[in-house]
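Coordinate-derived values only; no laboratory data. Note that the structure is predicted; figures quoted are calculated from it, not measured. Heads up, the Cβs are rebuilt from the backbone with ideal geometry, glycines too, and the neighbour counts pull from every protein chain shown.
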2 protein chains.
Amino acid sequence: MRIAILGTGDVAQQLGTKLAAIGHQVQLGSRSHDHPSALAWAAKTGGDTSTFELVATWGEVVFNCTSGQHSLKALRLAGHAALDGKILIDVSNPLDFSNGFPPTLSIANTDSLGEQIQHSFPEAKVVKALNTVANHLMVDPGQVDGPASLPICGDDAEAKAKVSAWMTEWFGWEDVIDLGPIESARATEAWLLMWTRLYGALGTGNFHMAIVR
Amino acid sequence: MRIAILGTGDVAQQLGTKLAAIGHQVQLGSRSHDHPSALAWAAKTGGDTSTFELVATWGEVVFNCTSGQHSLKALRLAGHAALDGKILIDVSNPLDFSNGFPPTLSIANTDSLGEQIQHSFPEAKVVKALNTVANHLMVDPGQVDGPASLPICGDDAEAKAKVSAWMTEWFGWEDVIDLGPIESARATEAWLLMWTRLYGALGTGNFHMAIVR
């Protein structure tokens, strides 16, 4: 599958490396066509890199791995036409570190970044996923022994069913929970308030949320 | 131990019944000294009931099991003198159901009810605990097989150590995680955004959050 990843940071590279390793064509997108770390990643993995617009147009599926405060801008640069009818897997979190660690959320409680993205790009099928876990575990949850749950949400049932199956097939997630419509991103983004404090208390991001039932 | 429980609802009765069953003296507090469901509970369990002020004055430890929107008012009725120097275990959540289910939070992200309680009652040692789980599991997490984590937080290290030990001894919690200062109530209260959506998606509150590491 042709997979476009918006972003060039750790999350983007981690997902891109894994998806290329299991046989997908992967391109990382950024504001420029020659972002240094994206070029380095492409040389290492056999992937490619270009602008937000070109990679999103090329991709059959699009991941949003940009940082939360830049996601809407990055998606506008990708453009409505490039996203039309496509599944957009939103991994971003609206973290605000302006007062240090732990962060607050720049959007919370009665709204979410996932909702803002879906409302701004109604032609895309937004599925929020993978934003609840450290990036090394996104692509290989089995690195921590024991149960692990992945809550996803979105307004399009067919898109969620596909993403749920991909999470299992691509990365090994065995417990994907459909939380409901994209409004449920309020819950998965608010989990970052817990995640960041657990990171501080435990001294590691090497942990899973499991919903044990 | 003399344990005062502010509130007469399901959470208060569940905790009161368990604590009485394992040998503690328990009183439920409400606005009046003759609240019908508290009287019925007392007759059934051998506990007692009275006003917020009288039970809080009598108790060595105080649980706040009032609903979030009434907690500060209930604690003002209990009074500063009654709470002076005592551990106040805050089980409440600032849930706002005014727009239906799932609720939003009336305090969120940059503040929390736990913090507001600690700031309003600086003479008490507030420890936020048990607000992350259905009331039947608060007192017996083993009802669901598998790992279960209980995040707690508060500003007083000694009070947290005591509450952590009590959670294990009284109720059987094996993984109590100290998230940090009372500010971390922002995380455990925001968990309710996830909990309520999981309740909707799974059709049951019979589940645990486990932090698997």
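Once amide H atoms are built 1.01 Å from N in the peptide plane, which residues 5 or more positions from B:LYS86, or in another chain, come under 5 Å H to H?
Those qualifying (amide H under 5 Å, at least 5 residues apart or on another chain) are B:LYS125.
Counting only helical runs of four or more DSSP H residues, what would the 222 nm mean residue ellipticity of chain B come to if each run contributes -39,500 (n - 2.57) and the total is spread over all its residues? All intermediate terms of the calculation are to be shown ahead of the outcome.
Numbers: 9 runs with 81 residues, N = 213.
Here the helix-only value at 222 nm equals -10500 deg cm²/dmol.
Can you list the aspartates and glutamates whose alpha carbon sits under 16 Å from that of B:LYS18, skipping same-chain ones fewer than 8 residues off?
B:ASP10, B:ASP48, B:ASP140, B:GLU169
Decide, for the protein assembly as shown, between rounded, prolate and oblate: order the square roots of the alpha carbon gyration tensor eigenvalues as a ≥ b ≥ c, take rounded if a/c falls under 1.5, and otherwise choose prolate if a/b is larger than b/c, else oblate.
Taking the square roots of the gyration eigenvalues as a ≥ b ≥ c, the protein assembly as shown is prolate.
What is the distance, in nm, between label points placed 7 Å from the Cα along the Cα-to-Cβ direction at A:ASN206 and at A:GLU169?
Modelled inter-label distance: 3.1 nm.
Classify the stretch B:2-202: rounded, prolate or oblate, from the alpha-carbon gyration tensor (a ≥ b ≥ c, eigenvalue square roots; a/c under 1.5 rounded; otherwise prolate if a/b is larger than b/c)? Working shown, then result.
Details: a/c = 1.27, a/b = 1.19, b/c = 1.06.
Rounded.
Could you give the length gained on full extension between A:ARG76 and A:ASP96, defined as 0.36 nm per residue of separation minus the Cα-Cα distance, in nm?
Working: separation 20, 0.36 × 20 = 7.20 nm, distance 2.09 nm.
Working it through step by step, the gained length comes to 5.1 nm.
Which FRET efficiency, nearest 0.05, do B:THR17 and A:ALA21 yield, Cβ-Cβ r, R0 51 Å?
Rounded to the nearest 0.05, the efficiency is 0.40.
Let me confirm one metric for peptide B:137-149, namely the mean number of other chain beta-carbon atoms within 10 Å of its residues' beta-carbons.
2
Distances from A:PHE97 to the same residue in each other copy, label points 7 Å out along Cα→Cβ, in nm, shortest first?
Result for A:PHE97, in nm, nearest copy first: 4.0.
Using mean Cβ contacts within 10 Å as the protection proxy, how do A:116-126, A:76-86 order, highest first?
So the peptides A:116-126, A:76-86, ranked by packing, come out A:116-126, A:76-86.
Return the average number of partner chain Cβ atoms within 10 angstrom of each residue Cβ along peptide A:204-213.
6
Rounded to the nearest 5, what % of the DSSP beta bridges within the protein assembly as shown are antiparallel ones? List each step's numbers first, then the result.
Values: 13 of 61 bridges.
Beta bridges within the protein assembly as shown, antiparallel portion: roughly 20 percent.
Using 7 Å Cα-to-Cβ label points, what is the B:ASP145/A:ALA43 separation (nm, one decimal)?
Distance between the two pseudo-spin positions: 5.3 nm.
Please identify every one of the chymotrypsin sites (Phe, Trp or Tyr not before Pro) in the stretch B:44-135 that sits in a loop by DSSP and has no more than 16 other beta carbons within 10 Å of its own beta carbon.
For chymotrypsin sites (Phe, Trp or Tyr not before Pro) across the stretch B:44-135 that sit outside H, G, I, E and B with at most 16 neighbouring Cβ atoms in 10 Å, the list reads B:PHE97.
Measuring label to label, 7 Å along Cα→Cβ, what does B:PRO36 give against each other copy in nm, shortest first?
7.4
Looking at chain B as a GNM with Cα springs under 10 Å, which of B:GLY114, B:GLY180, B:GLY100 has the largest mean-square fluctuation?
Greatest mean-square fluctuation among the candidates belongs to B:GLY100.
Considering only C-alpha atoms, what is the centroid distance from the stretch B:8-76 to the stretch B:158-213, in Å?
Cα centres, the stretch B:8-76 to the stretch B:158-213: 22 Å.
Tell me which trypsin sites (Lys or Arg not before Pro) from the stretch B:1-61 have a DSSP coil assignment and no more than 15 other beta carbons within 10 Å of their own.
Listed in order of number, the matching sites are B:ARG31.
Is the stretch B:37-142 rounded, prolate or oblate when judged by the Cα gyration tensor, a ≥ b ≥ c being the square roots of its eigenvalues, rounded requiring a/c under 1.5 and prolate requiring a/b larger than b/c?
Oblate, because a/c is 1.5 or more while a/b does not exceed b/c.
About the Cα centre of chain A, how large is the charge dipole given +1 on each Lys and Arg Cβ and -1 on each Asp and Glu Cβ? Please answer in debye to the nearest 20.
Values: 14 positive and 22 negative charges, 64 e Å.
The dipole of chain A has a size of about 300 debye.
Averaged over A:189-202, how many beta carbons belonging to a partner chain fall within 10 Å of each residue's beta carbon?
Mean inter-chain Cβ contacts per residue within 10 Å come to 6.
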